[in-house]
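Data first, discussion second: the structure below is written as structure tokens.
Values quoted throughout were computed directly from the atomic coordinates according to the rules given, and no laboratory measurement underlies them. All figures in this text were calculated on a predicted structure; none of them were measured in a lab.
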Amino acid sequence: MPAIAPSDTVLASRLRLAVTRLARKLRKEAEPGITPTMLAALSSVEQAERLTMRDLCAAEQVQPPTMTRVVAAMVEAGLVAREPDPEDGRVVWVRLTPQGRKLLARSRRRKEAYLVEELRGLGPRELDVLEEAAGILERLTEGRR
């Protein structure tokens, strides 16, 4: 592995700051009253179709008491349903409701509309660079290089 040059540290710092600021701007485009933690949990449930509370805690990297509060708030808002496992009463499954699915879709549309509007102000070369950068960022966040 090559040594890290000072320019690598500067690039890492710039990327961290830019990604943090972009994430903050996208959070502002989210549905009112829905926390980032709730949106992340909803997305995990959607991706898996249904998850046990234990698996949802692992996916979101939070402790059971935290996820219990998050899921309770989502149940109260009608975004997810909790279902006991018919074979093991200790296990609870969480699945999206139609309302939760609609909220996720609406939130994604709002965020994507914001990004599309911002991208419209860029030139073709900048869009090409962002296309390439998106692939690189996807690899970094998936743990692949």
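Just a few scattered comments:
- Of (1) 53; (2) 72; (3) 46, the label for percent of Cα pairs over 22 Å apart derived from the coordinates: (1)
- Axis angle, to the nearest 10 degrees, between helix 6-28 and the longest C-alpha principal axis of the chain: 50 degrees.
- C-alpha long axis of helix 36-48 to longest principal axis of the chain, angle in °: 70 degrees
- Nearest-ten-degree value, helix 64-76 long axis tilted from longest Cα axis of the chain: 80 degrees
- Relative contact order of region 6-141, pairs being alpha-carbon contacts under 8 Å that are 6 or more residues apart, as %: 24 percent
- Put simply, the amide H of Trp93, placed in the peptide plane, has neighbours under 5 Å in Glu83, Asp85, leaving out anything fewer than 5 places away on its chain.
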